[in-house]
Amino acid sequence: MIRIQNLSLPLDFGPEELRRKAAKALGVSPAALGAVRLLRQSVDARKRGQVRYICTLGVETEQETALLQSCHSPSITSWTPAPYVFPGVKRNSPLPPVVVGMGPAGLFCALFLARNGLPPILLERGRDVDERTEDVEHFWKTGALSRTSNVQFGEGGAGTFSDGKLNTGTHDGRIGAVLEEFVRHGAPEDIQWQQKPHVGTDVLRRVVKSMRQELLSLGAEVRFEHQLTGLRIEGGRLTGVYYATEQGPVRECLDCDTLILAPGHSARDTFQMLYESGIPMESKPFAIGCRIEHRQELISSRQYGSAWEKLPPADYKLSCHLPGGRSAFTFCVCPGGQVVAAASDYGQVVTNGMSLRARDGININGGFLVGVGPTDFEGSDPLAGVRFQEQWERSAWDLGTGGLPPLFQPKKPVFRAPAQLVGDFLNGKPSTVLGSLAPTYRPGVVPASIESCLPSYVTDTLRSALPLFDRKLHGFADPGAVLTGIETRSSSPVRILRDESLQSSVRGLYPCGEGAGYAGGITSAAVDGIRVAEAVAAGIN
């Protein structure tokens with residue numbers, strides 16, 4: 001197959017124009033080409049008056065050898081698809097592997113194990129995705145939170161209630177296999193060639209349900225509302241796991257010599273249990289800040305000019321390093337989406353972003369964050385970052401709920417979030433009213449100053465970054481834009497240490513995915529799940 005890169009195409013191109021462009025690049029007639037496959041597509045908006053798509057194609061033709069010899073462009077090369085192949089299975093144990101957590105890392109690990117003759121037992125503290133969705137909607141509507149079935153916990157993991165982004169900064173060969181699995185289970189085919197693929201929360205929920213159904217058909221066992229509570233370790237090896245269910249406080253023990261631990265980045269009680277059990281782990285950097293919300297039309301028109309109405313909603317990616325040593329950046333941008341309440345316990349306010357596949361909401365929001373690390377935390381133990389998160393989440397709770405006028409104090413927790421206009425934030429004064437841009441956060445916001453619920457060095461960095469980002473994307477520092485606080489769970493605050501075999505020093509324990517500190521998003525977590533499945537199948541312990 002021939003690969004043709006950097007083909008410029010109009011926004012309204014169709015299959016025939018794609019074929020004509022490929023033929024012209026190769027100097028042949030369209031009839032001389034076989035299948036023409038779109039491999040990558042991105043938007044080139046450098047010239048506002050002439051926004052185009054830039055495409056990479058895979059072309060089949062009987063004249064491949066001759067054309068490659070006659071074409072001297074570096075954009076035209078030979079290309080052979082390299083499908084992922086799971087390595088041979090050498091594991092020899094009468095016990096099934098146990099997977100804790102049904103986020104992307106746990107699901108992909110379980111699926112690849114099951115397909116290769118090693119169907120696991122899956123333990124998930126939350127509920128299945130349909131029941132979980134009902135719990136989350138009830139929470140957003142009423143403020144009544146389930147501690148085990150919420151935005152952070154349940155089938156699909158935290159990414160289920162997000163934009164469903166699948167882009168990653170890594171170049172692992174397993175990425176293609178991850179995207180193929182998503183398509184096989186109901187995701188749109190365009191995620192395999194879009195430069196910034198996304199599924200959307202509505203489609204992602206159907207995908208994870210389909211994956212679970214395949215797991216069951218392959219002999220895997222799925223146990224919802226089963227929470228890992230302890231490890232049985234004998235002679236430095238894992239011999240069993242303890243778990244509790246919603247039916248009662250009695251702990252049960254499951255014989256186990258292989259545990260894939262994919263708990264997600266918010267499993268703070270699990271981190272505490274692991275620490276008390278002597279599992280080697282360390283505190284790691286992450287980022288905190290807030291969500292910034294604009295009108296989608298403003299961002300799209302700034303990015304694409306007059307062509308914005310012909311294109312999908314625009315996003316952005318901004319960053320800067322300031323003289324004081326701190327860095328600010330945008331994260332998990334959700335075009336046409338909403339800011340969501342993402343707390344997993346009472347007394348905490350946490351935000352995240354989410355959007356549907358259509359991305360057809362009025363607003364766009366993104367994490368507006370500052371990196372923090374162990375030197376910012378009180379204490380040097382592995383859980384110092386967890387305590388740091390909790391400290392500021394409680395401050396946001398106090399500001400959002402406690403900041404209500406006395407006559408409006410709720411009789412029950414409502415998880416309202418503090419919100420501030422960008423103009424007020426830049427001028428250093430609390431917001432008392434919000435403008436024409438309606439915040440999308442439910443159960444609702446309270447005008448306030450986010451400086452009261454973030455470290456001063458974070459708010460100082462955000463304030464310095466706003467004008468710099470506005471130069472890159474005019475309108476980013478619009479005075480009417482809204483900052484909603486706070487976002488603290490950009491990634492896991494801990495790393496559960498593992499060696500080259502992907503095991504902890506406790507043999508048979510495989511830390512996996514974002515919660516264990518080895519991924520940064522849906523795709524990278526899924527890739528790590530496949531890597532761990534390979535290690536388990538190799539039978540090294």
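The values are calculated or read from the model by the stated rules, or taken from the named source; none is laboratory data. Fair warning: this is a prediction, and the values are worked out from it, not measured in the lab. No Cβ is skipped: glycine too gets one built from the backbone with ideal geometry, and neighbour counts run over all protein chains shown. SASA here: full protein model, heavy atoms, side chains in, ligands and nucleic acids out. Shrake-Rupley method; radii C 1.70, N 1.55, O 1.52, S 1.80 Å.
Pick out the one residue from GLY336, GLY347, GLY385 that is open to solvent by less than 40 Å² (accessible area, probe 1.4 Å) and under 22 Å from SER162 (Cα atoms). So that I can check it myself, show each step before the final result.
Working: GLY347 fails: under 22 Å from SER162 (Cα atoms); GLY385 fails: under 22 Å from SER162 (Cα atoms).
Answer to the check: GLY336.
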- prompt: Exactly one of (1) open to solvent by 30 Å² or more (accessible area, probe 1.4 Å); (2) hydroxyl-bearing (Ser, Thr, Tyr); (3) touching a His at 6+ places or on another chain (Cβ under 7 Å) is unmet by SER505. Its number?
  reply: (3)
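Is there a residue in region 68-87 that is closer than 30 Å to SER344 by Cα and either open to solvent by 40 Å² or more (accessible area, probe 1.4 Å) or more than 18 Å from the chain's Cα centre (by Cα) (or both)?
Scanning region 68-87 turns up no residue that is closer than 30 Å to SER344 by Cα and either open to solvent by 40 Å² or more (accessible area, probe 1.4 Å) or more than 18 Å from the chain's Cα centre (by Cα) (or both).
Among ILE191, ILE175, ILE260, which is under 20 Å from PHE112 (Cβ atoms) and touching a strand residue (DSSP E or B) at 6+ places or on another chain (Cβ under 6 Å)?
Working: ILE191 fails: touching a strand residue (DSSP E or B) at 6+ places or on another chain (Cβ under 6 Å); ILE175 fails: touching a strand residue (DSSP E or B) at 6+ places or on another chain (Cβ under 6 Å).
Just one listed residue meets the conditions, ILE260.
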message: Taking the criterion of being surrounded by 18 or more Cβ atoms within 10 Å (Cβ to Cβ), out of contact with any Phe, Trp or Tyr (no Cβ under 9 Å at 6 or more places or on another chain) and under 30 Å from SER301 (Cβ atoms), would at least one residue in region 468-480 satisfy it?
response: yes
task: Could you check how many residues of region 104-131 are in contact with an Asp or Glu (Cβ under 9 Å, 6 or more places away or on another chain), crowded, with 24+ Cβ neighbours inside 10 Å and more than 19 Å from PHE161 (Cβ to Cβ)?
output: 5
- prompt: Does region 388-402 hold any residues that are surrounded by fewer than 17 Cβ atoms within 10 Å (Cβ to Cβ) and of a type outside the set (Asp, Glu), and which are they?
  reply: GLN391, ARG394, GLY402
- request: Could you tell me whether any residue of region 510-529 is at pLDDT 95 or above and surrounded by fewer than 21 Cβ atoms within 10 Å (Cβ to Cβ)?
  value: no
- request: Identify the single condition in (1) surrounded by fewer than 21 Cβ atoms within 10 Å (Cβ to Cβ); (2) touching a helix residue (DSSP H, G or I) at 6+ places or on another chain (Cβ under 6 Å); (3) not polar (S, T, N, Q) that PRO313 does not satisfy, given that it satisfies every other one.
  value: (1)
- prompt: Within the bounds of region 172-185, is there any residue that is farther than 27 Å from PRO335 by Cα and open to solvent by 60 Å² or more (accessible area, probe 1.4 Å)?
  reply: yes
- prompt: Of the residues that sit in region 146-177 and are part of a loop (DSSP other than H, G, I, E, B) and more than 24 Å from LEU122 (Cα to Cα), which one is modelled with the highest pLDDT?
  reply: ASP163
- prompt: Residues in region 32-67 that are free of Cβ contacts under 8 Å to residues at least 40 places away in the same chain, closer than 19 Å to LEU9 by Cβ and open to solvent by 50 Å² or more (accessible area, probe 1.4 Å): how many?
  reply: 5
